[in-house]
Amino acid sequence: MTAVVQLKPGREKSLRRRHPWVFSGAVARVSGTPNAGDTVTVAAADGTPLGLGAYSPHSQIRVRLWTFDPRETVDAAFLAGLVERAVVRRGAPGGDGPWARRLVHAENDGLPGLVVDRYGDQLVAQVLAAGPEKWKEELADALLAATGCAGLHERSDADVRIKEGLPVRAGHWRGREAPAEVEIVEGGVRYLVDVRQGHKTGFYLDQRAARARVAALAAGREVLNGFAYTGGFGLAALRGGAAHVTHLDASGPALALADRLGGQNGFDRARWATVEADAFARLRQWQQEGRSFDLVVLDPPKFVESRQHLPRGCRGYKDVNLQALKLLRPGGLLVTFSCSGLLEADLFQKIVADAALDAGRELQLLERLGQADDHPVLMSFPEGAYLKGLVCRAD
Ligand code: SAH
């Protein structure tokens, strides 16, 4: 018998709409003494069972649903089925070299708290909640069986683990040890991914579609790649025929890799520069020096980490977009992103509109961008949509 988490009256509504989270405030009582990660039955106030989920005693998200069918059994075979489905959904992308895709996008693939990225034949997983933590080894078996990959590396070193009451952990997990750098090819560009030390699982796979758009827009343009990390957008722009790319980032090691990748892709060394600096300060300095660009990409880190950070985060987005607009030549393009899930797309668009007003520039929205299709959004889980981008033209 599983423990039962009974909801307060009315709090079953979101589950009936197949939203997979039970917040601590929705819980009336817990019968039994489930441990972290144990499977519990979630029941409405009238006792009707609604589904099975993983119990997480330390998290605000007290239960994450594995299934909305209370007759299921959550075991290794059940979870392997979900892993297999997620892998099959991605198909075999193929291409002109080792490819990379997100294979498991957590809640959006029915596996709350589990993220798995594939780089060539290397898997990299983030175990971010008590549920997948409990079934860790069974999930690893399933991932290796479903993909035939050579190795699995763990990057469960994200801050959300702390909210779950779980220790941060990173390192070799299964099979072949991850090489220091894993090579992938995306849009005809060779990238090297540092799966051990890089951000997240090593690379911003969510921007794959947007990098392709930037490549298509970059021909002949002088490009500023703001918040460049290891050069993603800028290398795509060089491949697309950009006249020149300036990668701007605060991280020296990330820029060193961007430099190496430029060379390894055979681009003429005169076509790019890297600048290690704080973007907010450097964009202002460049205004004073009269510098300008034809295309500016802004892909900053998440400025809104929690609801209470929303006002400050909005000010950050406003400022960086304002400063970038001041550097755009007439007819120039601004490709600007927010990866803050708590900042809704409409509000982000208003912020960019405000920045244009303050900059005294007329701005046209040409296109909206979002996370690549290997980062699907489960329609009953709008939180799955976090990345939004705008392609704008300034007068
Ligand atoms: N566009 C990249 C991902 C960017 S991640 C890609 O497609 O791969 C965000 C980057 O912003 C990180 O590399 C981080 O080092 C950088 N960063 C964070 N704060 C910064 C600041 N104030 N100034 C410049 N760079 C910053």
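Largest first and in whole Å, the equivalent-ellipsoid semi-axes of the range 169-232 read 28, 12, 9, each the square root of five times a Cα gyration tensor eigenvalue.
From Cα pairs below 8 angstrom and at least 6 apart in sequence, can you work out the relative contact order of the range 226-296, rounded to a whole percent? Intermediate results must be reported in sequence, preceding the final value.
Working: 90 pairs, mean separation 23.4, N = 71.
Over the range 226-296, the number comes to 33 percent.
A Förster radius of 56 Å combined with the Cβ-Cβ distance from ALA150 to ARG307 puts the calculated FRET efficiency at roughly 0.85. Dividing the summed helix terms, -39500 (n - 2.57) for each DSSP H run of n ≥ 4, by the number of residues in the chain produces a 222 nm estimate of -8500 deg cm²/dmol to the nearest 500.
Normalised by the number of residues in the range 83-136, the mean separation of alpha-carbon contacts (under 8 Å, six or more apart) gives a relative contact order of 25 percent.
If you take the alpha carbon atoms of the chain and fit the smallest convex hull around them, that volume is 133 Å³ per residue.
Per the Kirkwood formula applied to alpha carbons, the range 250-395 shows a radius of gyration over Rh ratio, Rg over Rh, of 0.99. Listed by chain and number, the lysines placed with their C-alpha closer than 21 angstrom to that of LYS350 are LYS302, LYS318, LYS326, LYS388; residues fewer than eight positions away on the same chain are left out. Working from label points 7 Å from Cα in the Cα-to-Cβ sense, the ARG329 to ASP278 distance is 3.0 nm.
Inverting the mean 1/r over all pairs of different Cα atoms, compute the Kirkwood radius of the range 44-195 and quote it in Å.
Details: mean 1/r = 0.0612 Å⁻¹.
16.3 Å is the Kirkwood radius here.
Kindly express, to the nearest 10 degrees and within the range 0 to 90, the angle between helix 310-325's C-alpha long axis and the longest C-alpha principal axis of the chain. With both axes taken from Cα atoms, the answer is about 20 degrees.
Based on the convex hull around the alpha carbon atoms, the range 1-111 presents an average projected area of 8.0 nm². For the chain, the longest principal axis of the alpha carbon atoms and the long axis of helix 76-90 meet at an angle near 30°. Cα centroid separation, the range 312-384 to the range 108-124: 27 Å.
Taking max minus min of the alpha-carbon positions on each principal axis, the range 147-200 gives extents of 41, 24, 20 Å, largest first.
Based on the convex hull around the alpha carbon atoms, the range 206-317 presents an average projected area of 7.5 nm². Shape class for the range 155-278, computed from the alpha carbon gyration tensor (a ≥ b ≥ c): prolate, with a/c not under 1.5 and a/b above b/c. Using the Cβ of LYS8 as centre and a radius below 15 Å, the other residues enclosed give a net charge of +3, where K and R count +1 and D and E count -1. Extension gain, VAL160 to MET1, is 54.2 nm, computed as 0.36 nm per intervening residue step minus the present C-alpha separation. Full extension of the chain between SER24 and LYS318 gives 102.4 nm of extra length, using 0.36 nm per residue less the Cα-Cα distance. Relative to the 2.2 N^0.38 Å rule of thumb, the range 1-44 has a C-alpha radius of gyration ratio of 1.10.
Distance between the 7 Å Cα→Cβ label points at HIS58 and ALA243: 5.5 nm.
Relative contact order of the chain: 11 percent, from C-alpha pairs under 8 Å at least 6 residues apart in sequence. For helix 208-217, report the angle its Cα long axis makes with the longest principal axis of the Cα atoms of the chain; keep it between 0 and 90° and round to the nearest 10°. Approximately 20 degrees, to the nearest ten.
Run through the DSSP bridge list for the chain and note the antiparallel percent, rounded to the nearest 5.
Working: 51 of 78 bridges.
Roughly 65 percent of the DSSP beta bridges within the chain come out antiparallel.
Only the coordinates and a few stated rules stand behind these numbers; no lab work does. All figures in this text were calculated on a predicted structure; none of them were measured in a lab. With ideal geometry, Cβ positions are generated from the backbone for all residues, glycine too; neighbour counts draw on all protein chains shown.
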